[in-house]
Amino acid sequence: MHLACPAFATAVWLAALSLGAQEQPPPPPPPPPPANRPERPAAAPRRTRRPEEPQFDEAAVQRGKDLLVARCGFCHGSNARGGSSGPDLTRSTLVQEDENGKQLGEFLLVGRPEKNMPKFELAPQEVSDLATFLHSTIYQIGNRDLYQILDIVTGDPKAGEAFFQGRGGCVSCHSASGDLKGVGARYEPATLQERMLMPRAGRRRGPPGERGSPPWAEPNAVKATVTLPAGESLTGALVRLTDFDVTIYDPGTRQMRSWLRKDGLPKVVMMDPLQAHVDMLRRWTDDDMRNMTAFLAGLK
């Protein structure tokens, strides 16, 4: 007579899990990139305004902004987003529900004395301009993808080159006549600046509808060296690391390797090829960013 023994089966299963050096079945490798595929720009294309979306008279918007700065800016800020004592007008229910300045004009004639809000007697055109500016600002906040960068190349390229060669330490990894040759012709200045400051931020984005490559498949992926208890070491792109397991990807063989971990074993040492950019993020000044952008944009 044979008896089933669930406790024995459980013990065998737990013993198998403890063998951290055993490999888990690797997930399927990523599809190879198409041949001669051009590198995607980091920034997604800006959406164009549709005909049915509201249009604002730019002259009225500017007059309304000037009026707000002169009469309301001390309390509500120069951009209507809140100041020393006044709230953010773009979040005001009255402003959001206003119709061409009607409700706003009626409110300004009365004010709110109990909250130190004085009344304002403005001409109808002034009320209309102020309302146009506020509604334009609210619309821009809700549709940030319409923002258009006019010109960010405002720095001194000579100063940028001096920073590149000296204080910035960029020449330890890059060369203006080597890996960065012609970079100003391949990318827009805004894309250059984004990659310089946050080199990983935009690379996982792609055109709408297109799936970006996983981070561990990128050329500058974070690397991890896994040292097994027997002394063998393996290095690859880091896919996953927790207290309980680690997975790396070998781009040469296009295979995944996984191990269970316990008490920090197997040992994992990581190396980020872009760590210098991460460290620089705390040291950039506005002038350095502008000057470096102008320098890179000039590398045609």
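What to note about this one:
- Scan of the stretch 241-300 for residues that are among the acidic types (Asp, Glu), surrounded by 15 or more Cβ atoms within 10 Å (Cβ to Cβ) and part of a helix (DSSP H, G or I), ordered by number: ASP288
- Scanning the stretch 77-111 for residues that are part of a loop (DSSP other than H, G, I, E, B), surrounded by 12 or more Cβ atoms within 10 Å (Cβ to Cβ) and at negative phi yields SER78, ASN79, ARG81, GLY83, GLY86, PRO87, ASP88, SER92, ASP98.
- Condition broken by GLY155, with the remaining ones in (1) small (Gly, Ala, Ser); (2) loosely packed, with under 11 Cβ neighbours inside 10 Å; (3) touching a Ser or Thr at 6+ places or on another chain (Cβ under 9 Å) satisfied: (2)
- Hits in the stretch 93-140 - residues which are aromatic (Phe, Trp, Tyr) and within 15 Å of ALA60 (Cβ to Cβ): PHE133, TYR139
Every number in this text was worked out from the coordinates using simple rules, so none of it is lab data. Everything numeric in this text was worked out from a predicted model, so none of it was measured. All Cβ positions, glycine included, derive from the backbone under ideal geometry; neighbour counts span all protein chains shown.
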